[in-house]
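The values are calculated or read from the model by the stated rules, or taken from the named source; none is laboratory data. Because the structure is a prediction, the values reported are computed rather than measured. Because the Cβ atoms are built from the backbone with ideal geometry, glycine has one as well, and the counts that use them run over all protein chains shown. Calculation scope for accessible area: heavy atoms of the full protein, side chains included, ligands and nucleic acids excluded. Shrake-Rupley method; radii C 1.70, N 1.55, O 1.52, S 1.80 Å.
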Amino acid sequence: MLADLRFALRQLAKAPLFTGVAVLSIGLGIAANATVLCWLRALVLHPLPGVAHEERLTMLVSNVGGGNVSLPDLRDLGEQRAVIAGVEASMPTAACLTVDRQPEWLQAEIVTAGFFDLLGVKPVLGRGFLPDEDQKPGGNPVLVISESLWRRRFGADPKVLGRVVDLNRRDFTIVGVAPASFAGSMSAASIDAWAPASMIWEVRNQDASFLDNRYARGWLNLVRLQPGVSLAQARAAVAALDAQLAKTYPKSNTGTHHRLVPLSECPWGAQTVMGPALRLLLAVSLGVLLIVTANVANLLLARAASRQKEIAIRLAAGASRARLVRQFLTESVLLAALGAGAGVLLAGWTVDSVPWFLPADLPITANFHFSLDGPTLAVVVLLSLAAGLAFGLVPALQATRPDLLLVLKEGGRSSSAGGPAHHRLRAILVAAEMAVALVLLVGAGLCVKGMQQARQIDIGFRPDHVLLGRLQIGMNGYTRETGPAFYRKARQRLAALPGVEEAALASWFPLGLGGCKGSEAFVEGYTPPPGEDPTYEFAIISPRYFETLRIPLLAGRDFSDQDDAAADKVAIVNQAFAQRFWPGQDALGRKFRAGGVWRTIVGVAKTGKYNRLNEAAWPFFYLPYQQGVPDLDLDLCLRTAGAPTGLATSVRQAMHDLDPGVELRQVLPLAAHASLVLFPHRMASALLMLLGGIALVLAAMGVYAVMAHAVSQRTQEFGVRMALGARPGDVLRQVLRQGLALALAGLAAGLGLALAVTHLLAGFLYGVSPFDPVTFVGVPVLLGLVALAACWLPARRATRVDPIVALRSE
């Protein structure tokens, strides 16, 4: 084997151009697969690093409340000890930590007491939470911090345990430090602090009713199955529990259904946002690797044809065919190993490229920084070995069965062409390359066209010239009673700033990644059919919200400052809500119940896009912020005359003048916020274009290599033809006809394959059919022109053959 390896190294060193092209091609294919595999593992398949026995963790989702669950329902599931080892809940939030008078906004989680024990996370210092620390509201101000925060703000001081710190203007005692490998219960999270569920109001300004109210479905969760219990068995237990809860608690649980899902299908993490795009990119990167394999196999076939005499001599001297096949496979596997090394080096740089696709002016706390891990590298090694064997085996078998008599006799040069079977095999490989390249380019073309169409979609509001300011006033001692007065003053002060045209408040803004809250809404006079989910999304807003975002009011009026706690309870619905329940009728004056309160509709707003650009029109409603709604913390939105970021400093100063304790935790343009919804699609489209471009180049290289080799093997034939009177144009047309026939065969196969698979892209397309005729015509034309260019150079070379030189060489 060592002798084979040394010989393979000498052979590759003798052909530096061939070796360089092959290694570069393999490296690109391996880098693409390694990068996407790393992202897929980290964000979807194994999203919780530092957690013990991750394979037994699942999540409970419901058909109401946006998939979230209530804590009582979750704890009832935890009592099913035959199938469930444990359940714990969490709720993410932003929080302000002040250390040595230096404030820092960070991401935190409210969690139930057994959170760290369930996940098998052992603190590097101190402890997690005690069993009763999540029971008494406001009674356990303790904190576990991340190792990153411990090192960053406390200098890795081992005496940090017991230290009292300011979190949201309240004193908390640090009781533990989580290990660096653990970053929270959500994929791509970057959590720096955990507090017990009993401190939900102090940390998140969320009512303590979330601890015991079955209607309060706002909890994320993790459910660990007992060893040996399958997901199907656990789901059966959940279904039985749902039936029992519906009988025991008919008001809150009738029509409510829960289901366990694996971590890879989590509805509230990066799995939902990134999973479809990453699976698509993995399929495309594997397609690129197939093209690479076919291309290198073609190069090896051409190289083997030129070594026919060497192989014949070795066979005649007594070498066995198996011995020569082993030698050829050693060369191909070595080539694959060199390509894999280049690919891993390249992937070490590209795995950190996710932030390139985020909006430049959007601060984000998610962890999108990755490094190649052991399992990914193991898969890369297997892919490289498989590719090496795939592109080496056929050329090895083809090359080691020459006609010894024909090759060794004097004047047997023509045998070096490898025979008809050799040419057919190379032609099939090139046609396959063209077919796969066409599928990849059609997919890329559809996605890019979809992104262009996305800019033309009517989203129902105008995000340009709007500045968002994130607020969290609960940490400053404001309550539901005192908060509205502060907000009124803030809106008036901000509206008076130079350059501000409108100012408003809202609990949520459309087209972000955070999702929107939902509430059961029961319409007067309407009885929902069995199985219908009565949950609809809503936002809490102030007067002038619609004017600030330029959302047209189609009927009725806007909210006013008179819509306060003492006034009649009112609501504004979107057009889809009105048409859903009162088609062809006037919705104004109609009533519905949300959150246990009957409200009168006073306005109808235009339906917009709320969570995704390709969503269907869906009922949505708005509530006035002064009428006893559950959210205390609202955010600012300002319509500006000029660039919105230019007013950031003035807005911060105005808020400081109003209350020095209130700080904006984030300021950003609404356009940046809204563009985040396109982040996975923008990334997928950009990478599809890149991989499609690589596929296009590789396919052109394959056509060129086959035609150049064919021309070199037919030099004598062309010389004879031209000596007998053939014109250069005749030779040119013959070579081009041969090359284009090859390309057209591949394009025909590729079109059929593309028509069969492009429907899988429907979720990535906006206003574009998966069978868009422009794309299905344009891409084959582009590939045909590239193939024509790849054939042109060898064809031109064929026309310049000197008949005398060609015949003399015989």
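Taking the Cβ of SER148 as the centre, find all other residues whose Cβ is under 15 Å away and add up their charges (Lys, Arg: +1; Asp, Glu: -1).
That works out to -2.
Probe radius 1.4 Å, ligands and nucleic acids left out: which of ASP134, ASP352 has the largest accessible area, and how do the rest follow? Walk me through the intermediate numbers first.
Details: ASP134 10, ASP352 55 Å².
Descending accessible area places them as ASP352, ASP134.
Considering only Cα-Cα distances, which of the following residue pairs are longer than 25 Å: LYS136/LYS489; LYS517/LYS609; LYS489/LYS591; LYS247/LYS569; LYS517/LYS606? Display every interim value, and only then the final one.
On the way: LYS136/LYS489 35 Å; LYS517/LYS609 15 Å; LYS489/LYS591 31 Å; LYS247/LYS569 32 Å; LYS517/LYS606 19 Å.
From the list (LYS136/LYS489; LYS517/LYS609; LYS489/LYS591; LYS247/LYS569; LYS517/LYS606), the Cα-Cα distance tops 25 Å for LYS136/LYS489; LYS489/LYS591; LYS247/LYS569.
Just to confirm, what accessible area per residue do you get for the range 599-701 at 1.4 Å probe, in whole Å²?
Dividing the accessible area of the range 599-701 by its residue count gives 33 Å².
Using just the helices of the chain, give the 222 nm mean residue ellipticity in deg cm²/dmol: DSSP H runs with n ≥ 4 each add -39,500 (n - 2.57), and the total is spread over all residues, rounded to 500. Walk me through the numbers on the way to the answer.
Values: 24 runs with 379 residues, N = 810.
For the chain, the value works out to -15500 deg cm²/dmol.
Please give the solvent-accessible surface of ARG323 in Å², to the nearest 10, using a probe radius of 1.4 Å with every protein chain present.
Approximately 80 Å² for this residue.
If you roll a 1.4 Å probe over the chain with all protein chains in place, what percent of the accessible area is carbon or sulfur?
Reported share for carbon and sulfur atoms: 60 percent.
Please compute the length gained on full extension between ARG326 and ASP4, using 0.36 nm multiplied by the number of residues separating them and subtracting their Cα-Cα distance. Don't skip to the answer; put the middle values down first.
On the way: separation 322, 0.36 × 322 = 115.92 nm, distance 0.81 nm.
Between ARG326 and ASP4, full extension yields 115.1 nm more.
If you average the alpha carbon positions of the range 156-203 and of the range 717-787, how far apart do those two centres end up, in angstrom?
60
Give me the orientation-averaged projected area of the Cα convex hull of the chain, in nm², one decimal.
It is 42.3 nm².
Near the amide H of ALA555, under 5 Å away, which other amide H atoms are found, from residues 5 or more places off or on another chain, if H is placed in the peptide plane?
The answer is VAL604.
Looking only at Cα atoms, what is the convex hull volume of the range 510-581 per residue, in Å³?
Convex hull of Cα atoms, per residue: 134 Å³.
Counting only heavy atoms of the protein chains, get the accessible area per residue of the range 100-168 (1.4 Å probe) and round it to a whole Å² value.
Here the residues of the range 100-168 average 48 Å² of exposed surface.
Would you mind getting the accessible area per residue of the range 444-539, heavy atoms of the protein chains only, 1.4 Å probe, in Å²?
Ligands and nucleic acids excluded, the result is 44 Å² per residue.
Provide, for q = 0.09, 0.15 Å⁻¹, the log10 of I(q)/I(0) from a solvent-free Debye sum over equal Cα point scatterers in the range 611-768.
Here log10 of I(q) over I(0) equals -0.65, -1.06.
Within the chain, what percent of beta bridges assigned by DSSP are antiparallel, to the nearest 5? Could you put the intermediate results ahead of the total?
On the way: 64 of 83 bridges.
If we restrict to bridges inside the chain, about 75 percent are antiparallel.
Once the other residues with Cβ under 14 Å from the Cβ of TRP219 are scored (Lys, Arg +1; Asp, Glu -1), what is the net sum?
-2
In nanometres, what is the gap between the two model label sites at GLN734 and ALA496, each 7 Å from Cα along Cα-to-Cβ?
The answer from the label model is 9.1 nm.
Could you compute the net charge surrounding GLY608? Neighbours are other residues with a C-beta less than 12 Å from the C-beta of GLY608; K and R count +1, D and E count -1. Can you show the working numbers first?
On the way: positive: ARG462, ARG550, LYS606, LYS609, ARG612; negative: ASP458, GLU537, GLU615.
Net charge in that neighbourhood comes out at +2.
Label 7 Å along Cα→Cβ of ASP212; the range 121-158 residues with amide nitrogen under 13 Å?
135-138
With label points built 7 Å along Cα→Cβ from the Cα atoms of ALA85 and ARG652, find their separation and express it in nm.
The modelled label-to-label distance comes out at 4.7 nm.
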